[in-house]
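The values are calculated or read from the model by the stated rules, or taken from the named source; none is laboratory data. Keep in mind the model is a prediction, meaning the values are calculated, not measured. Cβ coordinates were reconstructed from backbone atoms using ideal geometry, including for glycine residues, and neighbour counts include every protein chain displayed.
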Amino acid sequence: MDHFRFFEGLSFSVAVWGVQMIAYHGFALWFEWLDRAGNGAAFKVRAIERMSYREMLPRVLFNQTFVLLPAMGITQALGLAYYGSTQITIMGFVASVIGLTIGHDIVQYIAHRIVLHEPTNMRKFGHALHHTTRASRAISACYMSAEDFFLEIVCPYLIPLILIGGGGTNFIFHALIVSAGAFGGVYEHSGYDFGLLLRKETGWRWMLGKMLSTEAHGFHHTRGNVSFSDGFGSSNICDTVFKTRWDLVPLRERPTDTTRTV
Ligand SMILES: [Zn+2]
Ligand SMILES: [Zn+2]
C-alpha cells in the first residue's frame, strides 16, 4: 500500500513534466510547421538541418522520458523540490525566477564548458552528437546523448530549483518555468531569429531585437568555442565574466562546421 502512496505523491512532478512535454513538443511542432510552410522564411537565419524531425524525435523522447522524468521524480521523492506551500507571493515569484535564471546560467556554464567541452569528454559524454546539428531544427534542442542531456538540461533546471528551496507546489509557477525553459531551448535551436529586423533599428527596438536574438547559441554550434550558457532567456553572466560570449571572442582560424552555408 505504501509504495502506491509513494507513486501517488509523485503526481505533482509528473504533472509538471507533462506540461513541459506539451510545451516543448507544441513549440517544436509550430517551428516545424513554419519550416515546412515557409511562413517564417524572412527570419530563418541558418541553413536547414540535415536530420529530419522524425529522425530526431525518438532520442528526444527517450531523454525526456527516461532521464528527465525519473530525475524530477527522485528530486520530489527525496524532498528536494516540488513540496510545501501552493501559495507564492509576487515577490517570491520574481525572486525565484531571478534565482533560477542566474542558477541556470552558472550550472549550464560549468556543465557545458568545463565538463562537456573538455576534449576527452566530448566523445565520452557524447556532446559531439549534439554538435552534429547546427541549431536549425527546433526539436534538436534535446537531440543529444543521455549523459549530455542530464548534465546540460536536467542539472541546470533541477540544481537551482533545489537551491532556491524547491519552488513550492504552486502549479502555475512550475508550469511557467518549464514552459519558458522549453520555449527558450526550442527557439534557439529553430534556426529562426525574430529579432533580426529589430536589430537594424535603434533605441528600444534594437534592445528588443537583442533580447529576441538566437545568435549566441547559433554561433556556439558553428564556432564551438563561444557562448556556453549565453543564449535566448539567459542572464549571460558567465559568458560575459569569462569573456566567452560570441561577440567578445575573435574569430578563430578553424571553424568547427565546414558544411555551414549561412
Ligand atoms: Zn557545446
Ligand atoms: Zn545546441
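Go over the candidates GLY191, GLY167, GLY209, GLY218 one by one and state the one that is within 16 Å of ligand 1 (Cβ to nearest atom) and touching a residue at least 12 places away in the same chain (Cβ under 8 Å).
Numbers: GLY191 fails: within 16 Å of ligand 1 (Cβ to nearest atom); GLY167 fails: within 16 Å of ligand 1 (Cβ to nearest atom); GLY209 fails: within 16 Å of ligand 1 (Cβ to nearest atom).
The unique qualifying residue is GLY218.
Considering each residue of region 105-121, count those that are assigned to a helix (DSSP H, G or I), more than 10 Å from ligand 2 (Cβ to nearest atom) and touching a residue at least 60 places away in the same chain (Cβ under 8 Å), and give that number. Break it down into steps so the answer makes sense when it comes.
If we filter region 105-121 for residues that are assigned to a helix (DSSP H, G or I), which is where we start, we get 105-116, 119-121.
Now narrow it down to the ones that are more than 10 Å from ligand 2 (Cβ to nearest atom): 105-111, 113-116, 119-121.
Retained after the next criterion (residues that are touching a residue at least 60 places away in the same chain (Cβ under 8 Å)): 105-106, 108-109, 113.
Total satisfying the criteria: 5.
Residue check: is PHE125 within 15 Å of ligand 2 (Cβ to nearest atom), under 17 Å from HIS25 (Cβ atoms), touching a residue at least 12 places away in the same chain (Cβ under 8 Å) and not β-branched (Val, Ile, Thr)? I'd like the intermediate steps shown before the answer.
Details: within 15 Å of ligand 2 (Cβ to nearest atom): yes; under 17 Å from HIS25 (Cβ atoms): no; touching a residue at least 12 places away in the same chain (Cβ under 8 Å): yes; not β-branched (Val, Ile, Thr): yes.
For PHE125, the condition - within 15 Å of ligand 2 (Cβ to nearest atom), under 17 Å from HIS25 (Cβ atoms), touching a residue at least 12 places away in the same chain (Cβ under 8 Å) and not β-branched (Val, Ile, Thr) - is not met.
Condition (residue is within 15 Å of ligand 1 (Cβ to nearest atom) and within 25 Å of MET51 (Cβ to Cβ)) applied to region 87-107: is it met by at least one residue?
No, the conditions are met nowhere in region 87-107.
Here's a check for you: in region 151-166, which residue that is touching a Gly at 6+ places or on another chain (Cβ under 7 Å) and part of a loop (DSSP other than H, G, I, E, B) is farthest from LEU29 (Cα to Cα)? Walk me through it before giving the result.
Pass one, region 151-166, residues touching a Gly at 6+ places or on another chain (Cβ under 7 Å): 157, 159-161, 163-164, 166.
Next, from what is left, pick out any that are part of a loop (DSSP other than H, G, I, E, B): 164, 166.
Numbers: ILE164: 32, GLY166: 31 Å.
Here the answer is ILE164.
Restricting to region 76-91, name every residue that is in contact with a Gly (Cβ under 8 Å, 6 or more places away or on another chain) and assigned to a helix (DSSP H, G or I).
Residues satisfying the conditions are GLN76, ALA77.
Please specify each residue of region 217-227 satisfying the condition of being surrounded by fewer than 22 Cβ atoms within 10 Å (Cβ to Cβ) and within 12 Å of ligand 2 (Cβ to nearest atom).
Matches in region 217-227: PHE219, THR222, GLY224.
List, please: which pairs have Cβ atoms under 7 Å, are six or more places apart or on different chains, and start with a residue in region 173-184 that is over 13 Å from PRO156 (Cβ atoms) and end with one that is among the β-branched types (Val, Ile, Thr)?
Correct list of pairs: PHE173/ILE88; HIS174/VAL16; ALA175/VAL16; ALA175/VAL19; SER179/VAL19.
Pick from region 186-203 the residues that are in a helix (DSSP H, G or I) and hydrophobic (A, V, I, L, M, F, W, C): which of them is nearest to ILE139 (Cα to Cα)? I'd like the intermediate steps shown before the answer.
Taking region 186-203 and keeping what is in a helix (DSSP H, G or I), we get 186-188, 198-200, 203.
Next cut, hydrophobic (A, V, I, L, M, F, W, C) only: 186, 198.
Working: VAL186: 6, LEU198: 26 Å.
Residue satisfying both the conditions and the ranking: VAL186.
So that you can scan it fast, the table gives a plain yes or no per residue for (1) on the phi < 0 side of the Ramachandran plot; (2) among the acidic types (Asp, Glu); (3) crowded, with 19+ Cβ neighbours inside 10 Å:
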{"position": "GLN76", "(1), (2), (3)": "yes, no, yes"}
{"position": "GLY79", "(1), (2), (3)": "no, no, no"}
{"position": "ILE102", "(1), (2), (3)": "yes, no, no"}
{"position": "GLN108", "(1), (2), (3)": "yes, no, yes"}
{"position": "GLU118", "(1), (2), (3)": "yes, yes, no"}
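Are there any pairs with C-beta distances below 6 angstrom linking a residue in region 231-242 that is in a loop (DSSP other than H, G, I, E, B) to a residue that is surrounded by 15 or more Cβ atoms within 10 Å (Cβ to Cβ) and among the hydrophobic types (A, V, I, L, M, F, W, C), with the two at least 6 apart or on different chains, and if so which?
GLY231/ALA216; SER235/ILE102
If LEU10 meets every condition in (1) over 23 Å from ASN170 (Cα atoms); (2) at pLDDT below 90 apart from one, which number is that one?
(1)
Consider region 71-94. How many of its residues are within 18 Å of GLY181 (Cβ to Cβ) and free of Cβ contacts under 8 Å to residues at least 12 places away in the same chain?
Counting residues in region 71-94 that are within 18 Å of GLY181 (Cβ to Cβ) and free of Cβ contacts under 8 Å to residues at least 12 places away in the same chain gives 1.
Look through region 122-150, keep the residues that are within 11 Å of ligand 1 (Cβ to nearest atom) and assigned to a helix (DSSP H, G or I), and return whichever of them is nearest to GLU188 (Cα to Cα).
In this case the residue turns out to be HIS130.
Quick one: which of ARG54, ARG50 is within 29 Å of ASP193 (Cα to Cα) and assigned to a loop (DSSP other than H, G, I, E, B)? Give the steps one after another, and end with the answer.
On the way: ARG54 fails: assigned to a loop (DSSP other than H, G, I, E, B).
One residue alone meets the criteria, ARG50.
Among all residue pairs at least 6 apart or on different chains, which show Cβ distances below 7 Å where the first residue, located in region 8-32, is more than 17 Å from VAL186 (Cβ to Cβ) and the second is of a type in the set (S, T, N, Q) and not in a helix (DSSP H, G or I)?
Final answer for the pair search is PHE12/THR169.
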